[in-house]
Each structure stands twice: as structure tokens, then as C-alpha cells.
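**Student:** To start, I am sharing the structure in question, which I have written as C-alpha cells.
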Amino acid sequence: MRMPRDQTPRLTISCGGGSNVWSGELHPRQVWGIARGAFDRIKSQRPYSYRVLLSKTIYFGDMGRRHANPLHNPLHYAAAQLKSGPPVTAAAAERALPMIVGAGAAGCVLASKLSEDEGASVLVLEAGGDNTKVLETKIPLMFSKLFHSDHDWDYYTVEQPAVASRRMYWPRGRIIGGSSSMNAMMYHHCSASDFDEWVSVHGCTGWGYEDLAPHLRCMEKFTPNSARPAIEAANRGNAGQWQTGYSWLSQIVEDGFLPACDDVGIPPNSDINTATGSLGVTRFQTFIDSKGQRSSLATAFLPPKVMNRPNLYVACGAYVTKVLFDRINNKKPTAIGVEFQTTQGGERYQVHAKKEVILSAGAVNTPQTLLLSGIGPEQELKKHSIAPVITNDNVGKQLKDHLCSNGVLCKAKTGSTLDYLASDVKAIPALVQWLLFGTGPLTSNVGEAAAFVRTFDHKFPGSAGVIPKNYTSGDQAPDLEIIGAPIAFIHHGEERPLDDANVFSLAPIGLRPQSSGTISLKTIIDPRYLTDDDDNDRKVLLAGLRLCLKIMRSPAFQKYLDPVPTNDDTSSYWWPYSCSDVDAITDEQLSRYLVERAFTLYHPVGSARMGQTSSNSVVDLECLVHGVDGLRIVDASIFPEQISGHPTAPIAAIAHKASEMIRRSHSVV
């Protein structure tokens, strides 16, 4: 929004019923200086109440000043919330910015694409901080150092009765780029049938694989690696902003894990990012650039060139507390802005949107924001004394996540894994190599390779004939992933291995969970892991563990492993690796084992899902929230169903497609 040339900055300060008006050609610094000085004086004049009103919301960019992103002072883009007065209406929001709540994976793509239009001013409100100043988000192997930091929402679930009654840690990125700036960097399209199922089962026409594939390709800039098997260039993008390719691959993965999977009947798949799907064992393509740095959706879509656009405002430290609605001038409640705070319990601010509000806060914070704004199940709103704007029983429901079983820890030969990098002293040469050349083991994605399988196609001794049902999305889609990581990944990388041993981790992940959970107020996360009616989620993970036990016995893999003393005690550190006869292990033993250190793979989706009607969904096929105007959701919460792989690329594709829809729906966004 640009201020008309004939309009000068105008500040009104009202105190005790009287007012003084300053007008004239004032430099922006003068306006803010007068406002701050007057505010401090009025505040000291008791018993009068005080308030500061801006006749128009003032932005530095509107007055010709080049602002510097990211913004930190809320008064540079918003106004303090009035303690009293008439309700906010669309008229009050007439001249303010459209906005995106959340600069996570989806929000970065939206901000970049929508601000390409020079006539559109775009405001992004992000609770976290600047990604560019955080070393741990640049060095790929160091991503777990961000867990429990200031850049992490540091969420925990409620106790999960089926997972040893544990409260599960859920890291979520609180930083520009969101979890794409914090998690591992798997670049994965998932299975084509995952998205075709959104159309055929959930009625989400326009969101099938053929609809999303062009967006995946146009975003990507793939760099081939001559040391990796050649892949069909036509399946990769080569002109996009998002850099992908092959990163560091440890020898134990290349010559141990990959051939071991082939030995047990999991064939190689050189490129899992095609229409033929993910089945097979593969070297992960990653979003790590040719300089050995993470190419997050922040670095890809909000680089300095984009952040310097005069029509883009990216604010950090803004915790949105609710969406503001005009309930006077329209038949439907109309979203016209948001309320936010910069500190818990601190002053509240308001900023208004000319066109619409877009929630891109993720599968946890988006439904929570809807609930705080009066959109959700009636009883949930009533319980927290929130006046309903529109009731919708689907808000915060149908939450699905990928659960990792307790992995199989294999003792590897000394020097064959990356565990030595946990020592600051031993890591110095690797750090120097990364700083000078952008190469070396610090460019590892940790999860360097993976096998994608259909568990019901495998039979195992000792499994008592328990075979999982087929809940895949199609004939070429998996229900299980086994990640091969040349490091001890225990408790999200927080726990060191016994006696500082070298460890290779085999981690089975259920990709098509039938258990679904909820997000409710007070940030109550309840994924309800392993609670599906026929216990199929557990059966899939049991099959995954048995497949891991077969892989670890392959001669190709054994040459990289060291023996440990035989021990059949299920509570011993190296069990089941130490077991005398893995075929004699019972399902009951493995069931107890799999929940001891089970963990999330950080893929929550579906908590505000897309569908045709409000009876079974939260947003329509245009990502617009049912029952209100001017409010859209674009993030993983709108997934109609969980996909069979890593969701960062699909989230980006959804945001890219949504940005085109938004630009078409408004001549100027």
C-alpha cells in the first residue's frame, strides 16, 4: 500500500477527551519521535487515561523509506490495540496490508511469490527470528543442535498410553523458514498416488499429482553429481530457486546399507522423485546446495534480493493471538487482520489486511490460532469462554504424524560412522573443511539413504502370521520407510551411545498411520499414536523392525559391523543386535521394544484439512476457510490425508500453487 502523494503523515494523540493534531511535511523519524515522546508524557499524566491513535497506519515503506527486513519493532508495521472503543470493521482495514501469518515452509514461498507483484504490499508475521544469523541452520549435520533452542517451539505431546505413557517431544521450527530451517533435508515428492487419493477419496479436485508436479519442477534447481547414479534430467527442475542434489554419502551407507537392502529383496531406486514413486532403496536427494549449506525454503525464497523488495515486510517476534473479524458490514464474518503480541502477557497490537489473512503457521499453530479466533468445535470454544465466530468440528482433528519405532542400533567398526563428530576436538578438521570448501562429513543429511517398502509383501519367521493390512494410497506406494543413518540417532540425537561406540541406526517409520489425533487449546498435542482399531500401525512397525533385523545380517552390511557379546536380555543396551537368534524374537518382545524410544519424524499434517464441505473439512478447494470470508490456510494442516514420505517438497508445491490461485483471485493482492 502506497500513501497518496498529497497525503502527509498525520498523528493524532488523544488524552482525556482533548486532542492535538500535528500535520505537515515530517520525516518518518520525526513522526515516530513525536509519537514516542508524547506517549511517554501522556502516560505520566494521571489520572487521565491515555491512548495513541494513528489516523492512518504508518509504514516506513509507505513514506518512501527503505525498511530493512526483518522488522522487530511492531510500531513500524502495526498499531497498539485500543483498550476501548468501537469494534474493528472492514472500513478501518481499508488501507492496510494483506498478510501471511507464519514465515515457515509455506509462508516463505507465499511471501516470495505474492510480492513479485510490485503493486502488492505483503506483510509476513513470524514468531521466530532471523535464519541468516544461525550457523546451526546452515551446517546440515548440525540440525539437531537447534532442538530445544530459541529457534524451536519445543512442544511436547500429552502422555501417549500406547507408547509407554510417554510425553513425546515435538520439535517445530520457530525461525524464518520454519521446520525447513531446522529438520533434516530430505527432498521427496512422495508417491503420485498420495495426491491422486486426495482427489479420488477426499474430493479435492485440482490437487492431484499432475496438478502439483509442475510446481515441484519449477521450484527446483537440481545439481547432478557425477559420483551418483545418473537420473533422468527431465524429471528434475533446473531453473528454480530451491537447490537440490546429492550430498555426503558415507561408505558404510554406499557399500553396506544399500546392497544389504538389495540382498533382502528391496531393489535399488535411483530417483524416488518421479511419477513411478518411492518403492525401493535410494540415496536421498536433499535440499543442500553446491556450497554444502542447507537450502531451506527461507534461503530459496527469501534471499536478500527478495527481502530487499520495498513492498515486502517480514516481521519477527510477532506471536499472533487471534484473527480479527468484521461482523457488522457483511453477511459472513470477514477476516480483516490479526492481533498479536511480542512477549507473553505483553502489550497487544493490531494490524489489518486489505485483501485477506493467510494462515501458514503449521499443523500445530494454525488450528490453535483458529480456535483462539472463535473457529472450531462449539464445546472446545465454550470450555475456554471464546465467543464463536463459526463452529466447525473439524478444526484440530484428523491430526496425523509419522511415528518412528525405537531403532535397531548396530555397533559399527571404529571410524566407519559420523559419531566422532560429537567431540568438539575431533570435529575441528571437518568444520575447517566445511568453512573453506563447503564439503566433508558436516554436509551429511544424517539420514543418508532409505528403503521404502510395502510391509504386507514380506513374511518373517517369529511373526505369528501377523501381516499388516494394505492402507497404502496405490499399487506403487509404500507403508514403511527404513532410514539408514551412520550415527547414533537416539532421542533426537541428544543421547550419546554406550562407551562412545560407533553406531549405525536403522529406523523404521510407519508412513500410512490409521491413528489420528487432535490439537486443542493450551497447545495440547495428542497424536494418539498406535490407537487405530485394528492395531495396524503397530503391525507395520513390527514388520519394519523384522526387516531391519534381516538387513543387519546381510554379508554386505556385516563387514562394516563389530560383534557384541551375545545377550538375549531385552533390556540390554545392544538388544536386539546382541540376540543369539533374531528369528526367535517374539512379537510381544518387539512390541515392548518399539515403544521404549519411539519418536516423531516431525511430519504432523491434516489438522485443518481440505475438503468440499464443512461437514468433513476446514478449508475448501481454494484453501479458504468454510463459513467466513477473507481467511485462507496454506500449510501442512490442510493435507486431506497423510502422505507416504517427507512433506517439505509437497508443502512448498501447495504454497506455490496457492500463490497462483491467490493472485488470480485478486487483480492486486
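The values are calculated or read from the model by the stated rules, or taken from the named source; none is laboratory data. Source: prediction; values computed, not measured. Neighbour counts run over all protein chains shown; Cβ positions are idealised from the backbone, glycine included. Surface accessibility is based on the protein's heavy atoms, side chains included, excluding ligands, DNA and RNA. Shrake-Rupley method; radii C 1.70, N 1.55, O 1.52, S 1.80 Å.
**Student:** Filter segment 105-131 down to residues that are under 15 Å from the mean Cα position of the chain (by Cα), surrounded by 24 or more Cβ atoms within 10 Å (Cβ to Cβ) and part of a loop (DSSP other than H, G, I, E, B), then give me how many there are. Walk me through how you get there before you give the answer.
**Tutor:** Initially, segment 105-131 is screened for residues under 15 Å from the mean Cα position of the chain (by Cα), giving 105-110, 126-128, 131.
With surrounded by 24 or more Cβ atoms within 10 Å (Cβ to Cβ) added as a condition, the list becomes 105-110, 126, 128, 131.
Filter once more, so that each one left must be part of a loop (DSSP other than H, G, I, E, B): 128.
Residues that pass the stated criteria total 1.
**Student:** Here is a follow-up. If you go through segment 269-285 one residue at a time, do you hit one that is acidic (Asp, Glu) and more than 23 Å from the chain's Cα centre (by Cα)? It would help to see each step written out before you state the result.
**Tutor:** Restricting attention to segment 269-285, the residues satisfying the condition of being acidic (Asp, Glu) are 271.
Next cut, more than 23 Å from the chain's Cα centre (by Cα) only: 271.
So far as segment 269-285 goes, yes, one or more of its residues are acidic (Asp, Glu) and more than 23 Å from the chain's Cα centre (by Cα).
**Student:** With respect to Lys397, determine if the residue is farther than 30 Å from Gln81 by Cα, open to solvent by 10 Å² or more (accessible area, probe 1.4 Å), under 24 Å from the mean Cα position of the chain (by Cα) and touching a residue at least 24 places away in the same chain (Cβ under 8 Å).
**Tutor:** On the way: farther than 30 Å from Gln81 by Cα: yes; open to solvent by 10 Å² or more (accessible area, probe 1.4 Å): yes; under 24 Å from the mean Cα position of the chain (by Cα): yes; touching a residue at least 24 places away in the same chain (Cβ under 8 Å): yes.
Yes; evaluated as a whole, the condition is true for this residue.
**Student:** Sticking with this structure for a sec: Checking the conditions here, which among Ala430, Ala488 is of a type in the set (A, V, I, L, M) and in a helix (DSSP H, G or I)?
**Tutor:** Working: Ala488 fails: in a helix (DSSP H, G or I).
Sole residue among the options that is of a type in the set (A, V, I, L, M) and in a helix (DSSP H, G or I): Ala430.
Residue by residue, here is whether (1) acidic (Asp, Glu); (2) farther than 28 Å from Thr366 by Cβ; (3) out of contact with any helix residue (DSSP H, G or I) (no Cβ under 7 Å at 6 or more places or on another chain); (4) open to solvent by 10 Å² or more (accessible area, probe 1.4 Å) holds:
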| residue | (1), (2), (3), (4) |
| --- | --- |
| Val389 | no, no, yes, yes |
| Ala412 | no, yes, no, no |
| Gln433 | no, yes, yes, yes |
| Phe437 | no, yes, yes, yes |
| Ala450 | no, yes, yes, no |
| Val466 | no, yes, no, yes |
| Tyr471 | no, no, no, yes |
| Asp475 | yes, yes, yes, yes |
| Leu498 | no, yes, yes, yes |
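**Student:** If you don't mind, there's one more thing I want to ask. Would you check which residues across segment 450-495 are within 23 Å of Lys138 (Cβ to Cβ) and within 23 Å of the chain's Cα centre (by Cα) and list them? Don't jump to the end; show me each part of the working.
**Tutor:** First, the residues of segment 450-495 that are within 23 Å of Lys138 (Cβ to Cβ): 483, 485-487, 489, 492-494.
Those that are within 23 Å of Lys138 (Cβ to Cβ) and within 23 Å of the chain's Cα centre (by Cα): Ile483, Ala485, Phe489, His492, Gly493, Glu494.
**Student:** Hey, any hits in segment 458-467 for a residue that's closer than 30 Å to Phe639 by Cα and at pLDDT below 95? Give the derivation first.
**Tutor:** Of the residues in segment 458-467, the ones closer than 30 Å to Phe639 by Cα are 458, 467.
Next, only the ones that are at pLDDT below 95 stay: 458, 467.
Within segment 458-467, one or more residues are closer than 30 Å to Phe639 by Cα and at pLDDT below 95.
**Student:** Here's a follow-up. Can you go through Arg512, Arg538, Arg528 and tell me which one is crowded, with 22+ Cβ neighbours inside 10 Å, charged (D, E, K, R) and out of contact with any Leu (no Cβ under 6 Å at 6 or more places or on another chain)?
**Tutor:** Numbers: Arg538 fails: out of contact with any Leu (no Cβ under 6 Å at 6 or more places or on another chain); Arg528 fails: crowded, with 22+ Cβ neighbours inside 10 Å.
Exactly one of Arg512, Arg538, Arg528 is crowded, with 22+ Cβ neighbours inside 10 Å, charged (D, E, K, R) and out of contact with any Leu (no Cβ under 6 Å at 6 or more places or on another chain), namely Arg512.
**Student:** Restricting to segment 334-355, what's the tally of residues that are touching a His at 6+ places or on another chain (Cβ under 8 Å) and within 17 Å of Val618 (Cα to Cα)?
**Tutor:** Pass one, segment 334-355, residues touching a His at 6+ places or on another chain (Cβ under 8 Å): 336-337, 355.
Next, from what is left, pick out any that are within 17 Å of Val618 (Cα to Cα): none.
Selection size over segment 334-355: 0.
**Student:** State which residue pairs qualify: first residue closer than 28 Å to Leu561 by Cα and inside segment 255-283, second residue surrounded by fewer than 15 Cβ atoms within 10 Å (Cβ to Cβ) and of a type in the set (A, V, I, L, M, F, W, C) in any location, beta carbons under 9 Å apart, and separation of 6 or more residues or different chains.
**Tutor:** Listed by first residue and then by second, the contacts come to Ser270/Ala230.
**Student:** If you don't mind, another one. Under the condition of being open to solvent by 40 Å² or more (accessible area, probe 1.4 Å) and among the charged types (D, E, K, R), which residue from segment 542-561 is nearest to Ser250 (Cα to Cα)? Don't jump to the end; show me each part of the working.
**Tutor:** First, the residues of segment 542-561 that are open to solvent by 40 Å² or more (accessible area, probe 1.4 Å): 550, 553, 555, 558-559.
Now drop any that are not among the charged types (D, E, K, R), which leaves 550, 553, 559.
Details: Lys550: 21, Arg553: 19, Lys559: 14 Å.
My answer is Lys559.
**Student:** Okay, next question. Scan segment 188-237 for residues that are of a type outside the set (A, V, I, L, M), part of a loop (DSSP other than H, G, I, E, B) and more than 25 Å from Tyr471 (Cβ to Cβ) and jot them down. So that I can check it myself, show each step before the final result.
**Tutor:** Initially, segment 188-237 is screened for residues of a type outside the set (A, V, I, L, M), giving 188-191, 193-198, 200, 202-211, 214-215, 217-218, 220-226, 228-229, 232, 235-237.
When the remaining residues are screened for being part of a loop (DSSP other than H, G, I, E, B), the result is 188-191, 202-208, 224-226, 228-229, 232, 236-237.
Correct list: Pro224, Asn225, Ser226, Arg228, Pro229, Glu232, Arg236, Gly237.
**Student:** With farther than 30 Å from Gly374 by Cα and hydroxyl-bearing (Ser, Thr, Tyr) as the only criterion, which of Ser520, Ser505 stands out?
**Tutor:** Working: Ser520 fails: farther than 30 Å from Gly374 by Cα.
Being farther than 30 Å from Gly374 by Cα and hydroxyl-bearing (Ser, Thr, Tyr) holds for just one of Ser520, Ser505, which is Ser505.
**Student:** Then there is this: Do you know which of the residues in segment 637-654 that are open to solvent by 10 Å² or more (accessible area, probe 1.4 Å) and in a helix (DSSP H, G or I) is farthest from Lys322 (Cα to Cα)?
**Tutor:** Looking at residues that are open to solvent by 10 Å² or more (accessible area, probe 1.4 Å) and in a helix (DSSP H, G or I), I get Thr648.
**Student:** Please go through segment 157-169 and pick out each residue that is hydrophobic (A, V, I, L, M, F, W, C), open to solvent by less than 30 Å² (accessible area, probe 1.4 Å) and out of contact with any Ser or Thr (no Cβ under 6 Å at 6 or more places or on another chain).
**Tutor:** Kept after step one, since they are hydrophobic (A, V, I, L, M, F, W, C), are these residues of segment 157-169: 158, 162-164, 168.
Right, trim to open to solvent by less than 30 Å² (accessible area, probe 1.4 Å) and you get 162-163, 168.
Selection gives Val163 alone.
**Student:** Out of Val619, Val628, which single residue is surrounded by 20 or more Cβ atoms within 10 Å (Cβ to Cβ), touching a Pro at 6+ places or on another chain (Cβ under 7 Å) and among the β-branched types (Val, Ile, Thr)? Spell out the reasoning first.
**Tutor:** Values: Val619 fails: touching a Pro at 6+ places or on another chain (Cβ under 7 Å).
Step by step, each of Val619, Val628 is checked, and only Val628 is surrounded by 20 or more Cβ atoms within 10 Å (Cβ to Cβ), touching a Pro at 6+ places or on another chain (Cβ under 7 Å) and among the β-branched types (Val, Ile, Thr).
**Student:** Quick check on this structure: which one of Thr531, Thr472, Thr518 is modelled with pLDDT of 95 or more, farther than 25 Å from Ser578 by Cα and part of a strand (DSSP E or B)? Working first, answer last.
**Tutor:** On the way: Thr531 fails: part of a strand (DSSP E or B); Thr472 fails: part of a strand (DSSP E or B).
It is Thr518.
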